[in-house]
Amino acid sequence: MECDMAQDSSKADFWETRYQSNVTPWDSAGLPAGFVEHASTLLADGPVRRVLIPGCGSAYELQQLVAQGCDALALDFSPAAVARAQAACPALASRIIEADFFADTVSGTWDWVYERAFLCALPPALAARYAQRMASLIPAGGVLAGYFFLRDQAKGPPFGTSLFNLQQSLGPYFMLQKQERISGSLSVFHPDEHWLEWRKLPLA
C-alpha cells in the first residue's frame, strides 16, 4: 500500500491505477479478521439501522451487514473499485456507488460509519477534515467504528497515526468507548491494527 509520496492519495486517480493494476495489499480477500464478532456485538448494543462504508474497496462487509438487517451503503471514488465490488456481489450492486466521501452527494445521517483502510489512505493533513465530515454524518449516539492503523508512520499510504492524534481530531465530537488490538491483520497493518468504537457526543 506504500507509495511514492509525489503522488496524491487523496485523489481518485491514485487508487484507480492501483485497482486497475491489481496492486491492492490492503485487500483482505474477504471479511477482515474479527469483523463478524465486532459487528454483531455493536449491532446488539443498540439500534443501528443505517450504515455507511466509505472507501469501500471490494466491499466485503456490505453483504454481511445487509444480512444482519442493516440498511447499508458502500461507496468509493475509484470506478475500478466500485466495478470490482459490484461484480463480486451483483445482488447488492445498487448499494455500491461511485462517490466522493467529502462531496455533497454523500448526505443524510448514519447510525454507524464503518472505518477500514480509509483514514490511513488519506494524507495526514486531512485528519481534521475527516473528523468534521464524520461528525456531520453521524447523529448524537451514533458510532464511528472499525479498524484503525495505530503506528508512528508518517510515510504512506498507509499513513499511521496515534491514539493521541485521533483523540485530538475526533475528541471534540466523539468519545472512545472500545479499543481492541486485532489478531490476524494483513501484513501491511500487522501488528498495529485496532478495532475502535467512537460514540458521537450529544452536543458536538
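The values are calculated or read from the model by the stated rules, or taken from the named source; none is laboratory data. Keep in mind the model is a prediction, meaning the values are calculated, not measured. When we count neighbours, we look across all protein chains shown, and the Cβ atoms used for this are built from the backbone with ideal geometry, even at glycine. Remember, those area values only see protein heavy atoms, side chains included, never the ligands or the DNA or RNA. Shrake-Rupley method; radii C 1.70, N 1.55, O 1.52, S 1.80 Å.
Restricting to helices (runs of 4 or more DSSP H) lying wholly in region 1-113: which have 2 or more residues that are touching a Leu at 6+ places or on another chain (Cβ under 7 Å) and not basic (Lys, Arg)? Show your work before the answer.
Working: elements: 12-20, 35-45, 60-67, 79-88.
Because the criterion is at least 2 residues that are touching a Leu at 6+ places or on another chain (Cβ under 7 Å) and not basic (Lys, Arg), the helices (runs of 4 or more DSSP H) in region 1-113 that meet it are 60-67.
Which of the residues that make up region 1-10 are modelled with pLDDT under 80 and surrounded by fewer than 19 Cβ atoms within 10 Å (Cβ to Cβ)?
Within region 1-10, the subset modelled with pLDDT under 80 is 1-7, 10.
Passing the criteria: Glu2, Cys3, Asp4, Met5, Ala6, Gln7, Ser10.
Give the number of residues within region 127-149 that are open to solvent by less than 10 Å² (accessible area, probe 1.4 Å) and either at positive phi or not hydrophobic (A, V, I, L, M, F, W, C) (or both).
4
Can you confirm whether Ser78 is at pLDDT below 95, out of contact with any Gly (no Cβ under 7 Å at 6 or more places or on another chain) and open to solvent by less than 10 Å² (accessible area, probe 1.4 Å)?
Details: at pLDDT below 95: yes; out of contact with any Gly (no Cβ under 7 Å at 6 or more places or on another chain): yes; open to solvent by less than 10 Å² (accessible area, probe 1.4 Å): yes.
Yes; evaluated as a whole, the condition is true for this residue.
If we keep just the residues of region 193-204 that are of a type in the set (D, E, K, R) and within 16 Å of the chain's Cα centre (by Cα), which is most open to solvent (accessible area, probe 1.4 Å)?
Narrowing region 193-204 to residues of a type in the set (D, E, K, R): 193, 197, 199-200.
Checking which are within 16 Å of the chain's Cα centre (by Cα) leaves us with 193, 197, 199.
On the way: Glu193: 12, Glu197: 12, Arg199: 67 Å².
Selected residue: Arg199.
Give the residue, chosen from Ala29, Ala83, Ala87, Ala39, that is modelled with pLDDT of 80 or more and crowded, with 17+ Cβ neighbours inside 10 Å. Walk me through how you get there before you give the answer.
Values: Ala29 fails: crowded, with 17+ Cβ neighbours inside 10 Å; Ala83 fails: crowded, with 17+ Cβ neighbours inside 10 Å; Ala87 fails: crowded, with 17+ Cβ neighbours inside 10 Å.
So the residue among Ala29, Ala83, Ala87, Ala39 that is modelled with pLDDT of 80 or more and crowded, with 17+ Cβ neighbours inside 10 Å is Ala39.
Which one of these does Leu144 not meet: (1) touching a helix residue (DSSP H, G or I) at 6+ places or on another chain (Cβ under 6 Å); (2) at pLDDT 95 or above; (3) of a type outside the set (Ser, Thr, Tyr); (4) in a helix (DSSP H, G or I)?
Here Leu144 meets the rest and fails (4).
Matching residues to (1) farther than 18 Å from Phe35 by Cβ; (2) open to solvent by 20 Å² or more (accessible area, probe 1.4 Å):
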position: Arg151; (1), (2): yes, yes
position: Phe159; (1), (2): yes, no
position: Asn165; (1), (2): yes, yes
position: Gly171; (1), (2): yes, yes
position: Glu180; (1), (2): no, yes
position: His190; (1), (2): no, yes
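If you go through region 43-54, how many residues are at pLDDT below 95 and buried (at least 17 other Cβ atoms within 10 Å of the Cβ)?
From region 43-54, those at pLDDT below 95 are 43-49; that's our starting set.
If we keep only those that are buried (at least 17 other Cβ atoms within 10 Å of the Cβ) as well, we get 43, 48.
Residues that pass the stated criteria total 2.
Of all residues in region 170-184, count the ones that are in a loop (DSSP other than H, G, I, E, B) and over 25 Å from Arg129 (Cα atoms). So that I can check it myself, show each step before the final result.
Filtering region 170-184 down to residues in a loop (DSSP other than H, G, I, E, B) leaves 171-173, 182-184.
Checking which are over 25 Å from Arg129 (Cα atoms) leaves us with 182-184.
Number satisfying all stated conditions: 3.
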